[in-house]
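Worksheet: one structure, shown below.
No lab work stands behind these numbers, since they all come straight from the coordinates. Please read these numbers as outputs of a predicted model, since none were measured by experiment. Counting neighbours? That spans all protein chains shown, and the Cβs are built from the backbone with ideal geometry, glycine included.
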Amino acid sequence: MRARGRGAQLIVALTKIALLLLIIDWWVGGRFFDVYVLPRYVTPFLLLRDRTGGQNPMMLFDALHRVPRRGLRVAFLGDSTMNALDGLDDTTIPYLTGQALRAQQAEIDAVDCSEIGLYAGDAALMVDKLVGARDVDVIVYGAALRAFPRAPFTRWVSRISEGMNVDDLWRIVRVGGGEWLRRSLSAEQVLTGVVRTHWATYAYRTPLRNALWERRLRPLVAGWPQLEQLLRPLPVVETPALAPRAASAGPYEWPRDEYGPPSGNWQALEVMGQLCARYAPGRCVFYAGPVNPVGRDHLVEPELYEEYLAHLRVVVGRYGIIWRDLTDSMTGSDFRPPKYGGLRDPIHMNEQGRAKLAKLLVAPILEAAANAQAVQSRHAR
């Protein structure tokens, strides 16, 4: 009888702990996110974008559900050519394109989902999360050959691979990307993603530590610099290091043996197309980003760039994606000076070039926006 009584007490105690954890998690994902996370990392800025250096992209996707939209929401996805490297919000392609669209009297809410150094594999996972978000109407992906390495120096440039929930994983499997997913994500990444996306307390443990520090611990250790240094938490916002690109040993910056097919990144483009066709038909825009004509003969091994463009055209044609080839849309004067030496920067545009690109993106985005509005009208009937 005593053993049975102790067992009942244990069950009651565990039930109370579980309920307490559920209440805490509900508070973190609700009230805490609204009063602490949003005012610090979302609402003070001109543009909704990831401000954690790719370390916690969940913050961006959660904000998509919480921040009121100002019209059709367009999510822009790409690498440093889209978010202007270390530029301010109003110098990025998403912001400039949003301004150009509003000049056409289009009510557009631009969201910057780009990450510095983004590979196509990361982009496919982000497209997966975006097509599953009812708060996103149009997806714009800016492709560059440098995003398709055969053996990337960093497998994942963001932690989006650790931010996939069960629905995200199932969408990829459902469109036929199960084998690609199996080769791309480890069991540890899958388990981490399931925990992180379903347990807000874990996903926002760093902001929670910061809040505890700011409101409780810092006043207690004021005047004790060594103790303060020991207890001070790491910041949520982490600026990624802008290291120079690895130099190729051969005459080309993007040689075939490093950037040519087959690879998981090349296959990721097919996964993106499948996701767009099934979950966002007519609402995805892909474009090949501008390339500096200066020194282009030293950039890509012969025929590789044409093969890359042909692959893009096959995917967009197969899955009904709105497409623009903007490779030759700029002059040498539209690109920024090289950041780490050399005669030119092959893909990063200056403010003049980004303004030109923003205007070139207006027409395809308006086409996708019209398709999104048609879908909304059908659902409203």
Here the percent of antiparallel bridges among DSSP beta bridges lying wholly in the chain, to the nearest 5, is 5
Non-local residues with an amide H under 5 Å from the amide H of residue 285, with H modelled 1.01 Å from N and Pro and chain starts lacking one, are 139, 140, 141
Taking a crude spin-label model, label points 7 Å out from Cα along the C-beta direction, the residue 167 to residue 198 distance in nm is 1.3
Classified through the alpha carbon gyration tensor (a ≥ b ≥ c as square roots of its eigenvalues; rounded if a/c is under 1.5, else prolate when a/b is larger than b/c, else oblate), the stretch 266-346 comes out prolate
Put in order of increasing Cβ neighbours within 10 Å, starting from the fewest, 345, 89 give 89, 345
Going fewest to most other Cβ atoms within 10 Å around each Cβ, 256, 378 line up as 378, 256
Most packed first (mean Cβ within 10 Å per residue), the peptides 144-150, 197-203, 269-275 order as 269-275, 144-150, 197-203
For residue 16, the aspartates and glutamates lying under 15 Å Cα to Cα, once residues fewer than eight places off in the same chain are dropped, come out as 25
By the Cα gyration tensor axes a ≥ b ≥ c (a/c under 1.5 gives rounded; else a/b larger than b/c gives prolate, otherwise oblate), the shape of the stretch 70-120 is prolate
Straight-line reach check, residue 356, cutoff 27 Å on alpha carbons, 8 or more apart in-chain or any other chain, hits among lysines -> 339
Karplus ³J(HN,Hα) for the stretch 164-171 (6.51 cos²θ - 1.76 cosθ + 1.60, θ = phi - 60°; Hz, whole; x = Gly/Pro) runs 9, 8, 4, 5, 4, 5, 5, 4
Cβ density ranking, 10 Å radius, fewest first, applied to 321, 11 yields 11, 321
Longest principal axis of the chain (C-alpha) makes with the long axis of helix 264-279 (C-alpha) an angle, in degrees to the nearest 10, of 80
Sorted by number, the cysteines in the chain with no other cysteine beta-carbon under 4.7 Å are 113
Computed, not fitted: 222 nm per-residue ellipticity of the chain from DSSP H runs ≥ 4 (each -39500 (n - 2.57)), nearest 500, equal to -14500 deg cm²/dmol
To the nearest 10 degrees, the tilt of helix 2-27 (Cα long axis) against the first principal axis of the alpha carbons of the chain is 40
Computed over the chain: longest principal axis from alpha-carbon atoms vs helix 351-380 long axis, angle to nearest 10 degrees, is 60
Residue by residue through the stretch 199-212, the couplings from Karplus 6.51 cos²θ - 1.76 cosθ + 1.60 with θ = phi - 60°, in Hz, x for Gly and Pro, are 9, 4, 4, 6, 5, 10, 5, 5, x, 5, 4, 5, 5, 4
